Amino acid sequence: MLSAMIGAQTLQEFIVARESEFAYATGDLSRLLTDLSTAAKMVNRHVNRAGLSGIIGQHDGGNSTNVQGETQQKLDVYADNTFVRVLKSCLKVGGVVSEEQPDVIHVDHSKRAGGSGYGRYVVCIDPLDGSSNIDVNISVGTIFSILRRKSDMGSVPQIDDFLQPASDCVAAGYILYGSSTMLVYSTGCGVNGFTYDPSIGEFFLSHPDLKFPAESTIYSVNDARLADGPSVVQDYVNTVRAEGMNARYVGALVADFHRNLLKGGIFLYPGTTSRPEGKLRMLYEAQPLAFLAAQAGGSATDGHIDLLKRTPLSLHERTPLYIGEKAAVARLQAAFDGVRVKADS
Ligand code: AHG
Ligand code: MN
Ligand code: MN
């Protein structure tokens, strides 16, 4: 079957054409993005075949947990292995932080042809986001950010290389394994989306220069946890609900974010009484999407501060997350600020 996308730019063509827009245009970032897209194709194949190839369900009979204490699914482990293996083979990478691994994975290329110590970029990754959706054939994704190291190139990356504000990302993106598989990314010059054609194994530019629609019609929140969250968020949701906004919640951040980016909306995951710090992780969930949201004309906050500006303090730090179309997020932020002013007076 001929691809319906024939004539459209491939991801590879696009990456090369846009290389010069990037401040440190040496081709290194292009190489890294290409390698991530290769790993995405491998994971995509597995996700598509999940029901057939015995990889649905919990890893190690449910006895295996990650650093967050969450039970690992077989596909969490497969996606982690695949992305980490591909990133380790990329000469441009010096280190990786993955949701599935407790510590920084240092990547030393000194024994490889063309390698000179640890590469200039570090990568933060959620290899499989929304993994509880796998068993029920609902969308999942991968989320990543790429940072330029602050420490000397060639030396072992330091923890501060990973603990940078989202505004300092050089690139961020996600892959959505859904009814179509898409790769959406930004290097700081807008957001572009590519749809995968499995018949020829290529991503094609299908959603150029993505921007949030000006009007939000959707709010996304786990309704069952709402009562345990801040009253500001409860009031906000009650108000927008009464105003006619629609509720949509997939339970995979990447899918909820993607839908809201295309349709216009806000995603909310507050801190709760049992978990005031929230559930979602700064480095490989909130920060990459905050970077993308800003590039698409939206924004993200933790209720206190614009998430682009917050510097994380630890690798697996969590955060409340409110993200989406700018006016919707600003309205919620104003409500948070209003409550704070009242409490202070
Ligand atoms: P992960 O599968 O990477 O652990 O992430 C799951 C996250 C996120 O994708 C989603 O938005 C959120 O968990 C859903 O949480 P609830 O089930 O508490 O709503
Ligand atoms: Mn996740
Ligand atoms: Mn995950």
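Odds and ends about this structure:
- Just so you know, in region 62-71 the residues that are without any contact (Cβ under 8 Å) to a residue 40 or more places away in the chain and in a loop (DSSP other than H, G, I, E, B) include one that is farthest from ligand 3 (Cβ to nearest atom), and it is Asn63.
- Every residue from region 270-321 that is farther than 16 Å from Ser98 by Cα, crowded, with 23+ Cβ neighbours inside 10 Å and basic (Lys, Arg): none
- Unique match (being among the β-branched types (Val, Ile, Thr), surrounded by 13 or more Cβ atoms within 10 Å (Cβ to Cβ) and under 24 Å from the mean Cα position of the chain (by Cα)) among Val250, Val240: Val250
- Residue within region 91-109 that is of a type in the set (S, T, N, Q) and either more than 13 Å from ligand 3 (Cβ to nearest atom) or at positive phi (or both) present: no
- Tabulated pairs, region 234-249, first farther than 14 Å from Tyr322 by Cβ, second among the basic types (Lys, Arg), C-beta under 7 angstrom, 6+ apart or interchain: Arg248/Arg259
- Only one entry in Pro213, Pro165, Pro198, Pro157 is within 21 Å of Leu289 (Cα to Cα) and assigned by TED's automatic domain parsing to the domain that holds Val97, namely Pro165.
- The sole residue among Asp135, Asp152 that is outside any strand (DSSP E or B) and farther than 24 Å from Ala39 by Cβ is Asp152.
- Within region 114-133, no residue that is assigned by TED's automatic domain parsing to the domain that holds Val250 and at pLDDT below 90 sits with its Cβ atom under 9 Å from a residue that is more than 16 Å from ligand 3 (Cβ to nearest atom) and not in a loop (DSSP other than H, G, I, E, B) at 6+ positions apart or across chains.
- Residues that are of a type in the set (Val, Ile, Thr), over 12 Å from the mean Cα position of the chain (by Cα) and under 22 Å from Gly130 (Cβ atoms), drawn from region 146-186: Thr181
The values are calculated or read from the model by the stated rules, or taken from the named source; none is laboratory data. The structure displayed is predicted, hence computed values, not measured ones. No Cβ is skipped: glycine too gets one built from the backbone with ideal geometry, and neighbour counts run over all protein chains shown.
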